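What follows is calculated from the coordinates using simple rules that are stated; it is not laboratory data. Predicted, not measured: the structure shown is a model, and the values here were computed from it. Note that we place each Cβ from the backbone using ideal geometry, even for glycine, and neighbour counts take in every protein chain shown.
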Amino acid sequence: MIDGLTLRPVQGQNVMLNFARYEPGAEAPRHAHVEEQLFVALEGEFEVDLDGEVRTLGPGGIALIPSWLPHRVTAGAAPGFQLDIFSPPRQGLLDLLAARDREP
């Protein structure tokens, strides 16, 4: 879906976890969604832009991303690994993954 970014979602009925692996410098471009999101840095360093408020997060760093807040994430110079928690499950992500799986 995005070069340098690998996603592995796990969905429950009311919550979704998404494990994301970033290659150095990979970016999740600016976007917004209805679902509330917790971003948890596990390995590496990330620049997280929350509608103009830029934070650098390392292992254990957390950002709460409210519903509809525009945000962007860029990995640092080393590979990064992070966990997203979405409530409710992020339907747009599920739709993109399903479309990708249907491609020949």
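From the set of residues in segment 20-54 that are in contact with a Lys or Arg (Cβ under 7 Å, 6 or more places away or on another chain) and surrounded by 19 or more Cβ atoms within 10 Å (Cβ to Cβ), which is farthest from residue 74 (Cα to Cα)?
The qualifying residue farthest from residue 74 (Cα to Cα) is 35.
Kindly indicate the residue of segment 1-19 that is over 16 Å from residue 95 (Cβ atoms), without any contact (Cβ under 8 Å) to a residue 60 or more places away in the chain and of a type in the set (A, V, I, L, M) and also surrounded by the fewest Cβ atoms within 10 Å (Cβ to Cβ) among those meeting that condition.
10
Please work out which residue is surrounded by the fewest Cβ atoms within 10 Å (Cβ to Cβ), limiting yourself to segment 63-104 and to residues that are touching a residue at least 40 places away in the same chain (Cβ under 8 Å) and of a type in the set (Lys, Arg).
Looking at the filtered set, the residue picked out is 100.
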